[in-house]
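Remarks on the structure that follows.
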Amino acid sequence: MKKIILADDHSFIRMGLMQLLKDEYPTVEITEVNDGDKLVAEVTKKDFDLVISDLEMPGKSGLEALQFIKQVKPKIPVLILSIYTDDIYALRVLKAGASGYLNKNAAPYELIHAIERIKLGRKYITADIAEKLLLLPDDNKQPHELLSNREFEIFKLLAKGKTITYIAETLFLGVTTVSTYRNRIMSKLNLHTNSELTRYAIQHHIISDIDFLSM
C-alpha cells in the first residue's frame, strides 16, 4: 500500500487519523481532502490504493462519493468512517461497494485492523453486521431500511429540520424533485408531517435530539 486518500471535513479528525496512519505506515503517501467533491475529483485523476472517507461531508456525502468512485474506479477499496452505529449505515455502504465500515468511536487499533483486512482483499465488518447480511430477510426490515440511498439522505435532512429549498440547493436538485422525494418518504414510512418524521428519526437513533436542536 503506497497511497491513501483521507476525506473528512473536520481538520482535527484528519490530523488524528493521519498521525495514526503515519505511525503504522511511515512510507505511505497520504492525501487529505475536506469534502466529497474534492474526494471524487482526486480519485478521478489520480491512483490510490485505499480511500478512507467520512460519511457526512459538504458537497457529495461519503455515500454519494462511494457510489461515484465505484463507477469510475471499481477496484479501489473504500473504508467508510461514521459517527453512526453499524445498524444505521453499514449495510447501505457495504451494498454500495465499500470494503468496510468503522464507527468513529472505535478504538484506534480497529482502524489498523480494518485496513489490514482490506489489504488482504477482505471486508471489514462487525459480527452483528455479518449476521444481518446473512440472516436478515427484507420482510423483517425497518421501514427506513427500505428507502433508497437518496431517499435516506433527504429523509435525514428533513428530520433535522432542513427546508425543501435548502435540501434542493445542497443536493443540486430541483425543489419539485425534493418535494416528490418527501412525498415518497412519507408514504414509505407511513408518516404525514415533518414533526412525525423527526420523532421517527430520533426514536430509531438515525438522528439525536442534539442534531435537531442544533439545526
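The values are calculated or read from the model by the stated rules, or taken from the named source; none is laboratory data. Since the model is a prediction, treat every value here as computed from it, not as a measurement. Every residue, glycine among them, receives a Cβ derived from its backbone with ideal geometry; neighbour counts consider all protein chains shown.
For the stretch 107-120, check the following and say yes or no: at least one residue is part of a loop (DSSP other than H, G, I, E, B), over 19 Å from Lys188 (Cα atoms) and modelled with pLDDT of 90 or more. Write out each step before concluding.
Step one: of the stretch 107-120, the residues part of a loop (DSSP other than H, G, I, E, B) are 107, 120.
From what is left, the residues that are over 19 Å from Lys188 (Cα atoms) are 107, 120.
Next cut, modelled with pLDDT of 90 or more only: 120.
Within the stretch 107-120 (the criterion being part of a loop (DSSP other than H, G, I, E, B), over 19 Å from Lys188 (Cα atoms) and modelled with pLDDT of 90 or more), the answer is yes, since at least one residue qualifies.
Residues considered: Ile206, Ile164. Of these, the only one that is crowded, with 18+ Cβ neighbours inside 10 Å and modelled with pLDDT under 90 is Ile206.
This table checks each residue for (1) under 12 Å from the mean Cα position of the chain (by Cα); (2) not assigned by TED's automatic domain parsing to the domain that holds Leu21; (3) not small (Gly, Ala, Ser).
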position	(1), (2), (3)
Thr44	no, no, yes
Val72	no, no, yes
Leu81	yes, no, yes
Asn105	no, no, yes
Ala114	no, no, no
Gly121	no, no, no
Thr126	no, no, yes
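In the stretch 22-58, the qualifying residues are those that are part of a helix (DSSP H, G or I), in contact with a helix residue (DSSP H, G or I) (Cβ under 8 Å, 6 or more places away or on another chain) and not charged (D, E, K, R), and the one that is surrounded by the fewest Cβ atoms within 10 Å (Cβ to Cβ) is Thr44. Taking the condition of being basic (Lys, Arg) and farther than 14 Å from Ile115 by Cα, how many residues in the stretch 5-32 meet it? Matching residues across the stretch 5-32 total 1.
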